[in-house]
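To start, the structure itself, in structure tokens.
The values are calculated or read from the model by the stated rules, or taken from the named source; none is laboratory data. Remember, it's a predicted structure, so these values are computed and weren't measured experimentally. Glycine also receives a Cβ, built like all others from the backbone with ideal geometry; neighbour counts cover every protein chain displayed. To get the accessible areas, we keep the full protein, side chains included, count just its heavy atoms, and leave off ligands, DNA and RNA. Shrake-Rupley method; radii C 1.70, N 1.55, O 1.52, S 1.80 Å.
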Amino acid sequence: MGIRFAFYGRMSTREFQDRLSSARWQRDFAEEVIDGRGVIVAEFFDVGVSRQVPWPRRPQAARLLSALADPGRGFDAVVVGEFERAFYGNQLRDLAPLFKLYGVQLWLPELNGPVDAGNELPCHYWPCSACTPGGRSSVRGFGQRRPCAPR
């Protein structure tokens, strides 16, 4: 079985996005990252919530954060479908100590693996358009891989 993962995804608008297709492509990205290393055993997916809303105020993200403290939570790591869907501003930097405190790894498709919680979060943890060579812009949604996301 390998590592047991919880999946976190988010979509902001019900009017302009289909929940099933949005959840599917985000989960596909997450499953690609963990392929051969583990399985998704739990899912947390926020609908109708802006990424600017802090995790404790998003219904599913708040459930996930509460589960971190439970030793019987059933998962060892969290994988997100896309950085820009899950985090905004300093949210990742603010949440990283909590994941570390409870011994839960956080995996990102943009890193093709886990965030190294032992290091200060360098530029490459932030959206690719902010710091990639040549200023490549990100491609979001619609089943397309972001240009900076490794295979």
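Only residues that are modelled with pLDDT of 95 or more and hydrophobic (A, V, I, L, M, F, W, C) were counted across the range 1-22, and they come to 4. Under the condition of being touching a helix residue (DSSP H, G or I) at 6+ places or on another chain (Cβ under 6 Å) and either surrounded by fewer than 18 Cβ atoms within 10 Å (Cβ to Cβ) or closer than 13 Å to Ala6 by Cα (or both), the residues counted in the range 34-62 number 6.
In the set (1) assigned to a helix (DSSP H, G or I); (2) at pLDDT 95 or above; (3) touching a Lys or Arg at 6+ places or on another chain (Cβ under 7 Å), the condition left unmet by Gly74 is number (1).
Screening Phe5 against (1) in a helix (DSSP H, G or I); (2) touching a strand residue (DSSP E or B) at 6+ places or on another chain (Cβ under 6 Å) leaves a single unmet condition, (1).
For the range 83-95, the candidate set comprises residues that are without any contact (Cβ under 8 Å) to a residue 40 or more places away in the chain and buried (at least 18 other Cβ atoms within 10 Å of the Cβ); within that set, the residue that is farthest from Asp28 (Cα to Cα) is Leu92. Screening the range 88-123 for residues that are acidic (Asp, Glu) and either more than 11 Å from the chain's Cα centre (by Cα) or under 19 Å from Pro54 (Cα atoms) (or both) and picking the one that is modelled with the highest pLDDT gives Asp94. Of all residues in the range 54-82, those satisfying the criterion of being in contact (Cβ under 8 Å) with a residue 60 or more places away in the chain and aliphatic (A, V, I, L, M) are Ala67, Ala77, Val78, Val79, Val80. Out of all the residues in the range 9-24, is one or more open to solvent by less than 30 Å² (accessible area, probe 1.4 Å), farther than 17 Å from Leu95 by Cα and part of a strand (DSSP E or B)? Yes, because at least one residue in the range 9-24 is open to solvent by less than 30 Å² (accessible area, probe 1.4 Å), farther than 17 Å from Leu95 by Cα and part of a strand (DSSP E or B). Only one of the numbered conditions (1) open to solvent by 40 Å² or more (accessible area, probe 1.4 Å); (2) in contact with a helix residue (DSSP H, G or I) (Cβ under 9 Å, 6 or more places away or on another chain) is not met by Pro114, and that is (2).
Annotation note: Cβ proximity below 7 Å between a residue of the range 32-53 that is more than 19 Å from Gly113 (Cβ to Cβ) and a residue that is part of a helix (DSSP H, G or I) and of a type in the set (S, T, N, Q) (sequence gap 6+ or interchain) occurs for Phe44/Gln60; Phe45/Gln60; Asp46/Gln60.
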